[in-house]
Every structure is written in structure tokens, then in C-alpha cells.
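> Okay, here's the structure, questions in a sec.
The values are calculated or read from the model by the stated rules, or taken from the named source; none is laboratory data. Not measured: the values here are computed from a predicted model. Cβ: placed from backbone, ideal geometry, glycine included. Neighbour counts: every protein chain shown. For accessibility, only protein heavy atoms count, side chains too; no ligands or nucleic acids. Shrake-Rupley method; radii C 1.70, N 1.55, O 1.52, S 1.80 Å.
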Amino acid sequence: MTSLTYVKGLPTTASELNSLGFTELEMFLTAYSLVFHKASCETANHLKEVKDFNKSSWNTYVQKTYGISKRHANGVIAHAVGAVLASKSHRRVEFGQVCLSMGNFVQAFRSGFTWI
């Protein structure tokens, strides 16, 4: 069975474009991405600061602060939680790699740098 791997964009008529050359949807997405970014950064910082995260109250805070819907606020929270967990996981892996390479360096130093 074949699968669709790309979608060719259809040309947009000139009447649908604004003076900047964008459609209304493109303008909305550009404006909304700034709101999403600010809310995600604030949520990630909040997650790092608190021990007990109350998703319900934070969801309400994000909705009121940024004027977004409950569904969008849930998306912001899910994105921020994923980013924080990925960052923590990455740090653990990176720390393990540094310790391993330091161990190799110490072993090489003790053996007189025979690997150089």
C-alpha cells in the first residue's frame, strides 16, 4: 500500500493575500506562536521551581494570563512537561558520557598516555 509522503501546495489567489503576502491563517499562526512560546517558557520555569505541580490551577492561570482556551493551555503544559523531562534525561546521559570519558582519561593518564 502506498502512502502519501508530501503534499504539494496549491497556489493561493492574490485576493486571499494581505499586503505582506500572507493569508489570514498564516498571520494567526505567526501571532499565536509568540503566545505559545511565552506560555511554554513560563510553564517550564514554573515546573523547575515547584515540587508539587498542580496542573488544574496552572491550566487556569495560563488560560487567564494568555487568553487562550483550555485545550491550548493543555497543549502548552504538555509541551513544557515534555521539554523539561527531555532536558533532565539529556543531562543524565550527558553526565554519564562525561564521567565515562573522564574515567578513560584517568586510565590513560595512569598508563602513560599510550593511546596518543
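> So, in region 53-76, how many residues would count as being aromatic (Phe, Trp, Tyr), part of a helix (DSSP H, G or I) and open to solvent by 50 Å² or more (accessible area, probe 1.4 Å)?
So the count comes out to 2.
> Does region 87-111 hold any residues that are under 23 Å from the mean Cα position of the chain (by Cα) and either within 15 Å of Thr43 (Cα to Cα) or not in a helix (DSSP H, G or I) (or both), and which are they? Before you say what the answer is, go through the steps one by one.
Quick first cut of region 87-111, residues under 23 Å from the mean Cα position of the chain (by Cα) only: 87-95.
Answer for region 87-111, where residues must be under 23 Å from the mean Cα position of the chain (by Cα) and either within 15 Å of Thr43 (Cα to Cα) or not in a helix (DSSP H, G or I) (or both): just Ser87.
> Of all residues being among the polar types (S, T, N, Q), open to solvent by 50 Å² or more (accessible area, probe 1.4 Å) and not in a helix (DSSP H, G or I) in region 7-50, which is modelled with the highest pLDDT? Just the residue, please. Spell out the reasoning first.
The initial filter retains those residues of region 7-50 that are among the polar types (S, T, N, Q), namely 12-13, 15, 18-19, 23, 30, 33, 40, 43, 45.
Still in the list and also open to solvent by 50 Å² or more (accessible area, probe 1.4 Å): 12-13, 15, 18-19, 30, 33, 45.
Now drop any that are not not in a helix (DSSP H, G or I), which leaves 12-13, 18-19.
Details: Thr12: 73, Thr13: 78, Asn18: 82, Ser19: 85.
Out of the qualifying residues, it is Ser19.
> Of everything in region 9-59, what is over 25 Å from Lys88 (Cα atoms) and among the small types (Gly, Ala, Ser)? Give them in sequence order.
Gly9, Ala14, Ser15, Ser19, Gly21, Ala31
> Going by what's in this entry, would His79 be described as surrounded by 10 or more Cβ atoms within 10 Å (Cβ to Cβ) and within 14 Å of the chain's Cα centre (by Cα)? Can you show your working first?
Details: surrounded by 10 or more Cβ atoms within 10 Å (Cβ to Cβ): yes; within 14 Å of the chain's Cα centre (by Cα): yes.
Criteria met by His79.
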